[in-house]
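Enquirer: First, the structure itself, so that you have it in front of you.
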Amino acid sequence: MMFLEGVFENQVAVVTGGGTGLGLEISRGLLRRGARVVVMSRDVLHHRGIQEEGGERVASVALDVREPDRVHEAFAAVLERHGRLDVAILCAAGNFLAPSLRLRAAAWRAVIDISLSGVFYCCQAAGRAMKKSGRGGSIVTIGATYAWTGMPGVVHSAAAKAGVLALTRSLAVEWADLGVRVNCVAPGAFHSEGAAENLWPSEEARRAIEQAVPLRRFARVEEVAEAALFLASPAASYITGECLVVDGGNWLGKGLGR
């Protein structure tokens, strides 16, 4: 809504998890504004829709972010093909509700490996590509407000997202001299098929979450995507190490009498 259509003209962007949910909306936003988009996720069947929309300006790459060697190969291939990497928006993640006393070690590792380690591998690979190109660039991670508030039932994801926030701020300072900005978006609840199934599986749960939000509604996925695109864009050229919360004021609480 707020951007000139060509704000990402001639730029090359990678979106992990870019074929579904928030990642898909971000991929679409980049395309609309002129970027070439490389969509990376485990299931390339999820990429068909965005490939049909973007044609030759969309590349599809099968990638499991838990495999660091493969991650670095994939990002290096983007640089080799295009000669540049301007934007990396890292949406690949995993989450589900699980009481901590019953959380199995394998389930803990699965979320940490995707949502924290995988984000670091992708940041590192993107940072190397941006340094090698000599152009700098912008990396956007996806966080969550329960990284600092905590939340029952998602201890594995909360720990991972706290790590994502720490690495975002650490890399922002470390890579500033390279011209690489690193920022984070922390969305609240927004409508997506995966989140609904894993985090609010019933209508009652959905309504309870909605009523806890001061603005009394879920976010639209487009609203969260626009925040990520803003941080990736030249409009945020003096912003790095920031975490932009897009949750309708939910983490602040409703206050007395609301």
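The values are calculated or read from the model by the stated rules, or taken from the named source; none is laboratory data. Every value quoted in this text rests on a predicted model; they were computed, and no experiment measured them. Note that each Cβ is placed from the backbone with ideal geometry, even for glycine, and that neighbours are counted across all protein chains shown.
Enquirer: With (1) aliphatic (A, V, I, L, M); (2) in contact with a strand residue (DSSP E or B) (Cβ under 9 Å, 6 or more places away or on another chain); (3) within 24 Å of residue 70 (Cβ to Cβ) as the list, and residue 219 as the residue in question, which single condition is left unmet?
Expert: Failed condition: (3).
Here's the yes/no breakdown for (1) touching a residue at least 24 places away in the same chain (Cβ under 8 Å); (2) out of contact with any strand residue (DSSP E or B) (no Cβ under 7 Å at 6 or more places or on another chain):
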| residue | (1), (2) |
| --- | --- |
| 77 | no, yes |
| 84 | yes, no |
| 96 | yes, yes |
| 100 | yes, yes |
| 103 | yes, yes |
| 129 | yes, yes |
| 139 | yes, no |
| 154 | yes, yes |
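Enquirer: Here's a follow-up. Looking only at the range 100-123, which residues are surrounded by fewer than 13 Cβ atoms within 10 Å (Cβ to Cβ) and in a helix (DSSP H, G or I)?
Expert: Our first condition is that a residue be surrounded by fewer than 13 Cβ atoms within 10 Å (Cβ to Cβ); within the range 100-123, this holds for 100-102, 104-106.
Once the filter is applied, which keeps residues that are surrounded by fewer than 13 Cβ atoms within 10 Å (Cβ to Cβ) and in a helix (DSSP H, G or I), the range 100-123 yields 100, 101, 102, 105, 106.
Enquirer: Within the range 37-73, can you find the residues that are more than 22 Å from residue 228 (Cα to Cα) and of a type in the set (Gly, Ala, Ser)?
Expert: 55, 62
Enquirer: Within the set of pairs 6 or more residues apart or between chains, which connect a residue that is more than 15 Å from residue 230 (Cα to Cα) inside the range 5-31 to a residue that is of a type in the set (D, E, K, R) with Cβ atoms less than 6 Å apart?
Expert: Pairs found: 12/36; 12/84; 12/86.
Enquirer: Still on this structure, I have one more. Select from the range 132-148 the residues that are among the β-branched types (Val, Ile, Thr) and out of contact with any Cys (no Cβ under 8 Å at 6 or more places or on another chain) and list them in ascending order.
Expert: So the first thing to find is which residues in the range 132-148 are among the β-branched types (Val, Ile, Thr), and the list is 139-142, 145.
Once the filter is applied, which keeps residues that are among the β-branched types (Val, Ile, Thr) and out of contact with any Cys (no Cβ under 8 Å at 6 or more places or on another chain), the range 132-148 yields only 145.
Enquirer: Still on this structure: Checking the condition under 16 Å from residue 81 (Cβ atoms), among the hydroxyl-bearing types (Ser, Thr, Tyr) and modelled with pLDDT of 95 or more, which residue from 41, 60, 27 passes? Walk me through how you get there before you give the answer.
Expert: Numbers: 41 fails: under 16 Å from residue 81 (Cβ atoms); 27 fails: under 16 Å from residue 81 (Cβ atoms).
Matching residue, one of 41, 60, 27: 60.
Enquirer: Condition (residue is at pLDDT 95 or above and under 25 Å from residue 33 (Cα atoms)) applied to the range 68-75: is it met by at least one residue?
Expert: Keep residues of the range 68-75 that are at pLDDT 95 or above, which gives 68-75.
Filter once more, so that each one left must be under 25 Å from residue 33 (Cα atoms): 74-75.
Yes, there is a match, as at least one residue in the range 68-75 is at pLDDT 95 or above and under 25 Å from residue 33 (Cα atoms).
Enquirer: Kindly provide the set of residues from the range 131-166 that are part of a helix (DSSP H, G or I) and over 18 Å from the mean Cα position of the chain (by Cα), ordered by number.
Expert: 131, 132, 133, 149, 155
Enquirer: Is at least one residue of the range 169-187 of a type in the set (Gly, Ala, Ser), part of a strand (DSSP E or B) and in contact with a helix residue (DSSP H, G or I) (Cβ under 9 Å, 6 or more places away or on another chain)?
Expert: Step one: of the range 169-187, the residues of a type in the set (Gly, Ala, Ser) are 170, 172, 176, 179, 186.
Going one step further and asking which of them are part of a strand (DSSP E or B), we end up with 186.
This time we only want the ones that are in contact with a helix residue (DSSP H, G or I) (Cβ under 9 Å, 6 or more places away or on another chain), so: 186.
Yes, there is a match, as at least one residue in the range 169-187 is of a type in the set (Gly, Ala, Ser), part of a strand (DSSP E or B) and in contact with a helix residue (DSSP H, G or I) (Cβ under 9 Å, 6 or more places away or on another chain).
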